[in-house]
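A quick write-up on the structure given underneath.
Where a number appears in this text, it was derived from the coordinates with a stated rule and is not lab data. It should be emphasised that the depicted structure is a prediction, and the values quoted were computed from it without experimental measurement. Here the Cβ positions follow ideal geometry from the backbone for every residue, glycine too, while neighbour counts run over all protein chains shown.
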Amino acid sequence: MRKKLYQNLIELTNSLPVSKYIMKFAKSSRSRFIIPSYTKIYQVNVNEIQKQIDAYPSLHDFFIRELKKDARTFDGNPNHIISPVDAVIEQFGTISSHDAIIVKNQPYSINDMLGDSALAEKYINGSFIVLYLSPSHYHRIHSPASGTVERQYELGKTSYPVNSWGLMYGKSPLSKNFRTITEIKEEDHNHIAVVKVGAMFINTIQLTHANEKVRKGEELAYFSFGSTVVLLFEKHKTDFADSVALKKEVKAGEVLAVKKMKREDITL
């Protein structure tokens, strides 16, 4: 009953006119007056942002803000996979042999999420981590590893919220929402799928990287409003770092996973 009520309420508000109105207001000069309240309500660390808050012409410009160059440290160890975003770890674990991940007791098909059965097959029995970005977070997305962009594409049209309620009661937001997928192949041929999931109302995910090669920590895209990133890893390729825990806050550049050593890499 609660799930159906939630879905009905969201569907009443998650419409194209409402989305356009919100985006129009957020990009307008009038919205800049909200920025000081926004920083207080969401406890944004204004000391690390690139400009003074009164220098942003709109709420949208503030939301997609860049940080000072030294605000984040991107781990340079080639055997480490880093967080692409500032976020809360919503869930992590193993992808089942039936291609499902479990988030908030809800099964999500990675076949549906990726929209490509051949690509999904690569990640069966691998691992995943779900990173939720709240309104307080920095919303630019960085590459979790260095390598070659194998493919990049978008799926979906409308979006449900990706907060805790959305994950419990929404219509499979991680695998149905508007999303863009970037698959990166590292030099050692490990593959990582970076699934950028749009949230309620505003589906804008702006890609900012168009090159074939990408460096760890290099910017890939940014979200225009609240959002989630899902990372998918191949079977037997990585272990999660000891520091990874549910509901933990992470910063872009922190280590999330460590590559498993190959036999030929082990020195006796």
Exercise. Going down the table (Lys68/Lys176; Lys40/Lys213; Lys68/Lys104; Lys40/Lys68; Lys27/Lys251; Lys213/Lys235), which pairs top 29 Å between alpha carbons?
Worked result: Lys68/Lys176; Lys40/Lys213; Lys68/Lys104
Exercise. What does the convex hull of the Cα atoms come to per residue for segment 112-160, in Å³?
Worked result: 141
Exercise. Segment 61-153: which trypsin sites (Lys or Arg not before Pro) are DSSP loop and have at most 14 other beta-carbon atoms within 10 angstrom?
Worked result: Lys68, Lys69
Exercise. Taking the simple approach of a point 7 Å from Cα along Cα-to-Cβ for both Gln50 and Lys185, what is their distance in nm?
Worked result: 3.3
Problem set entry | For Thr228, distant residues with modelled amide H under 5 Å away | Leu133, Val197
Exercise. Which chymotrypsin sites (Phe, Trp or Tyr not before Pro) in segment 25-104 pass both tests, a DSSP loop state and at most 12 other beta-carbon atoms within 10 Å?
Worked result: Tyr42
Seminar exercise, completed: Contour minus Cα-Cα span, Lys122 to Asn211, at 0.36 nm per residue, comes to 29.7 nm
Exercise. Can you list the HN-Hα couplings for segment 118-134, worked out from phi with the Karplus curve (6.51, -1.76, 1.60; θ = phi - 60°), rounded to whole Hz and with x for Gly and Pro?
Worked result: 5, 5, 4, 4, 5, 9, 4, 6, x, 9, 9, 9, 10, 10, 9, 9, 8
Seminar exercise, completed: Note: Lys69 to Ser97 extended length (0.36 nm per residue) minus current alpha-carbon separation gives 5.9 nm
Seminar exercise, completed: Taking the dipole of segment 7-156 about the Cα centre (Lys, Arg +1; Asp, Glu -1; charges at Cβ), the one of Ile82, Gly147, Ile41 that reaches farthest to the positive side is Ile41
Problem set entry | Label point distance in nm, Lys27-Tyr42, each placed 7 Å from Cα along Cα→Cβ | 1.8
